[in-house]
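Step one of this worksheet: look at the structure below.
No value in this document is a laboratory result; all are computed from the given coordinates. As the structure is a prediction and not an experimental result, all values here were calculated from the model. Glycine also receives a Cβ, built like all others from the backbone with ideal geometry; neighbour counts cover every protein chain displayed.
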Amino acid sequence: MRPLWLCRVCAAPWPCQPARLLLIFEYRRDRVGLSIHMAGQLFDATGDLATLNPNAVPPPAELFDRFLAWTRRGTGPGEG
């Protein structure tokens with residue numbers, strides 16, 4: 001949920017685990033597309049979070065892990 005980037009269902013930081021599973025399913029045939037989509041979400045979230053509270057923006061590495069690191073092949077459910 002923008003601009004806080006929290007899940008509307010569980011209130012965890014988005015993308016939460018259920019959201020990640022849904023995204024992996026939706027992009028199951030286009031992992032590059034998933035990565036590109038999530039890079040855009042990372043960009044938007046960084047701007048939103050910095051605008052809301054410039055002194056409490058999560059570190060870049062934390063945002064990268066939250067939005068992009070999990071999109072690599074081999075990091076989804078059932079992937080080795």
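A few comments on the model shown:
- Segment 2-22, subset touching a strand residue (DSSP E or B) at 6+ places or on another chain (Cβ under 8 Å) and aliphatic (A, V, I, L, M), residue surrounded by the most Cβ atoms within 10 Å (Cβ to Cβ): Leu6
- For segment 23-44, the criterion of being of a type outside the set (A, V, I, L, M, F, W, C), part of a helix (DSSP H, G or I) and exposed (fewer than 12 other Cβ atoms within 10 Å of the Cβ) is met by at least one residue.
- Evaluating Asp65 against the criteria (1) over 11 Å from the mean Cα position of the chain (by Cα); (2) surrounded by fewer than 14 Cβ atoms within 10 Å (Cβ to Cβ) leaves one unmet condition, (1).
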